[in-house]
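The values are calculated or read from the model by the stated rules, or taken from the named source; none is laboratory data. For clarity, every value in this text was computed on a predicted model and none was experimentally measured. Positions of Cβ are generated from backbone atoms using ideal geometry, with glycine treated the same way; all protein chains shown enter the neighbour counts.
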Amino acid sequence: MDPNALVRVMVEFNNKAVILGCCVGSLYQRELKEGNRAKLEELQGQVEKHAEEKEAWEKEIEEWKEEKKRLGTWKVRCLDSEEKYKAMIANLESDYDELKEKHEDLEVELDDLEGSIIQKHINGF
């Protein structure tokens, strides 16, 4: 093969590589711009969503602070304590009623036993 022909083939190959490189570069830049635009729109949507969530969180925090202030007052604490103690009293009253019923049953059983013992004494065991 002729050395000049080899140089010509190399130059032609180089020219085609440069042209192809330019085409690929312009396609890459266009895709990069379009991709960046899509990415920018996606990020903008995320920023808006984050801002909405932040507003909701701040509103919720304010509500919790108001609730904390309300619950911190002495009147609310007293009312809460009153409800708690009323529940405890109701439990104790139900326990007392149960114990009273058991006590009455035991008194009846004791009276029966006393009657039985007296009867055995009368009968002479």
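For region 114-125, the set of residues classified as exposed (fewer than 10 other Cβ atoms within 10 Å of the Cβ) and among the hydrophobic types (A, V, I, L, M, F, W, C) consists of I122, F125, listed by residue number. When E31, E101 are checked against the criterion of being at pLDDT 80 or above, surrounded by 10 or more Cβ atoms within 10 Å (Cβ to Cβ) and either assigned to a helix (DSSP H, G or I) or out of contact with any strand residue (DSSP E or B) (no Cβ under 7 Å at 6 or more places or on another chain) (or both), a single residue qualifies: E101. Within region 49-80, being more than 23 Å from the chain's Cα centre (by Cα) and at pLDDT 85 or above holds for no residue.
Surrounded by fewer than 10 Cβ atoms within 10 Å (Cβ to Cβ), part of a helix (DSSP H, G or I) and of a type in the set (A, V, I, L, M, F, W, C), is that true of A17? Steps first, please.
Details: surrounded by fewer than 10 Cβ atoms within 10 Å (Cβ to Cβ): no; part of a helix (DSSP H, G or I): yes; of a type in the set (A, V, I, L, M, F, W, C): yes.
When the stated conditions are applied, A17 does not pass them.
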